[in-house]
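Laboratory data are not the source of any read-out in this text; all were calculated from the coordinates shown. Since the model is a prediction, treat every value here as computed from it, not as a measurement. Cβ placement follows ideal geometry from the backbone for every residue including glycine, while neighbour counts extend to all protein chains displayed.
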Amino acid sequence: MRGYKKPTVSIIGASGYSGAELTKILLRHPSVKLENLYAHTQAGKKVSDIYPEIDTDMVYAPYEGDVNTDIFFLALPHGEAHTIVPELAGSGKLVIDLSGDFRLKNTQEHLQYYGKEKDPKAVLTYALPELFHEEIRQAKAVSNPGCYATAITLGIAPLVLAPLKDAGVKQVNCTAVSGISGAGRTAKVELSYSEMNNNVRAYKAGLHQHTPEILQALGTDSINPAFGFMFTPMIAPLVRGIYTVLNIQLEKHLPVSQIRAHFSDFYRSAPFLRIRETMTEVRHVTYTNFCDVHVAESAKNGSTVIVTAIDNLVKGAAGQAVQNMNIMLGYDETHGLLL
Ligand SMILES: NC(=O)c1ccc[n+]([C@@H]2O[C@H](COP(=O)([O-])OP(=O)(O)OC[C@H]3O[C@@H](n4cnc5c(N)ncnc54)[C@H](OP(=O)(O)O)[C@@H]3O)[C@@H](O)[C@H]2O)c1
């Protein structure tokens, strides 16, 4: 447990959607004490003023430094964490950052997809537990994956990182639907009820910032990728959920049963990964930290369809962040996360 009795945790960016989900999980986590909730424009308000469903009398405070907390979660917009994380990590705190600031190793890709220069040293352990458990266990500061990146990478990884004989991946085309909470709590006209009710909209086709993140997690990059990759995200009138349809072209045909068995074997030690015999659905994973995966079809030409589903605010953000904290502290990774 890294020498802590009962570690204290604080959230910077606690008043947003990911911060609220973290608050709920950490309040009921049996082995940590939730110490401080930091906010920006909402500082001074009670948690219950914004989220009456959260049973606490805690009040949001402005973040002006904090030497007493052991573990920090940062749930800030991209670009706001890059000075705070090094300060906290440098003073010996454990840090889990939910933004994209520390995910990409390639500064050229970061500039291309986030529109910001970054220090080449601003990279943390990429904390996707199903793939990088040992690296996370040893890390003091980690970068929590993006929500689309989590659902998509987990659906491709067994075929790319442990390819079946003569059946390497040639091309991946993925479409993915996100619920509206994926864009955060700040109001945006194009995401308002009158724009999104009874509507679905694709956006950033081939240009979404999770594209290089997915490829990096799979051991390649977007500038010179080892296989073709196209990602088209879509927004739909759900509050929560990520639903991905991955069309993966393999070098040869493999029966669905063999691919399913391979996925089950690859994820045999992953408690939050469920290989489903039947079609995955968003409602099967909402409010949980599970990622459901279904191998749907495999055509004679090697084209294979995998469907995955997660809750963007739990496995795609706060739940996965707590899963990472558990691993960093040496707890069982499911600790405090199973309902
Ligand atoms: N939403 C998701 O599904 C999801 C999934 C994975 C990762 N993430 C990532 O998690 C992070 C938080 O996302 P979110 O959706 O929870 O966002 P959000 O709902 O918009 O919340 C943002 C939080 O950051 C605070 N904040 C905003 N501007 C700030 C500034 N200039 N300085 C300091 N604090 C500031 C806000 O405080 P006030 O409200 O007090 O102003 C709020 O607490 C983002 O990096 C996002 O990409 C989100």
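Data overview
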quantity	calculated
Share antiparallel - DSSP beta bridges, the chain, percent rounded to 5	45
Euclidean distance of C-alpha centroids, the stretch 210-263 and the stretch 131-165, integer Å	12
Charge context of Lys105, other residues only, Cβ under 11 angstrom, K/R +1, D/E -1	0
Relative contact order of the chain, pairs being alpha-carbon contacts under 8 Å that are 6 or more residues apart, as %	18
Most positive-pole-ward Cα, Ser264, Val322, Leu238, against dipole of the chain from beta carbon charges	Ser264
The chain: most fluctuating residue of Glu64, Glu80, Glu195 per GNM, C-alpha cutoff 10 Å	Glu64
Neighbour-limited loop hits for GluC sites (Glu not before Pro), the stretch 257-314 (at most 14 other Cβ within 10 Å; DSSP other than H, G, I, E, B)	Glu277
Neighbour cut-off at most 10 other Cβ (10 Å), DSSP loop, trypsin sites (Lys or Arg not before Pro), the stretch 4-94	Lys5
Over 36 Å [Cα-Cα, the chain], rounded percent	17
Kirkwood Rh, angstrom, the stretch 148-312 [1 / mean 1/r, Cα pairs]	16.3
Net charge of Cβ neighbours under 12 Å - reference Pro255; Lys, Arg +1; Asp, Glu -1	+2
Greater than 27 Å apart at Cα, pairs in Lys93/Lys315; Lys33/Lys118; Lys6/Lys315; Lys204/Lys300	Lys33/Lys118; Lys204/Lys300
Environment charge at Phe227 (Cβ cut-off 14 Å; Lys +1, Arg +1, Asp -1, Glu -1)	-1
Least to most buried among Asp70, Asp57 (fewest other Cβ within 10 Å first)	Asp57, Asp70
Square roots of 5 times each gyration tensor eigenvalue, C-alpha, the stretch 1-70, largest first, Å	21, 15, 9
For the stretch 114-198, projected area of the alpha-carbon convex hull averaged over all directions, nm²	9.3
Gaussian network model of the chain, springs between alpha carbon atoms under 10 Å - residue of Ala81, Ala318, Ala151 with greatest fluctuation	Ala81
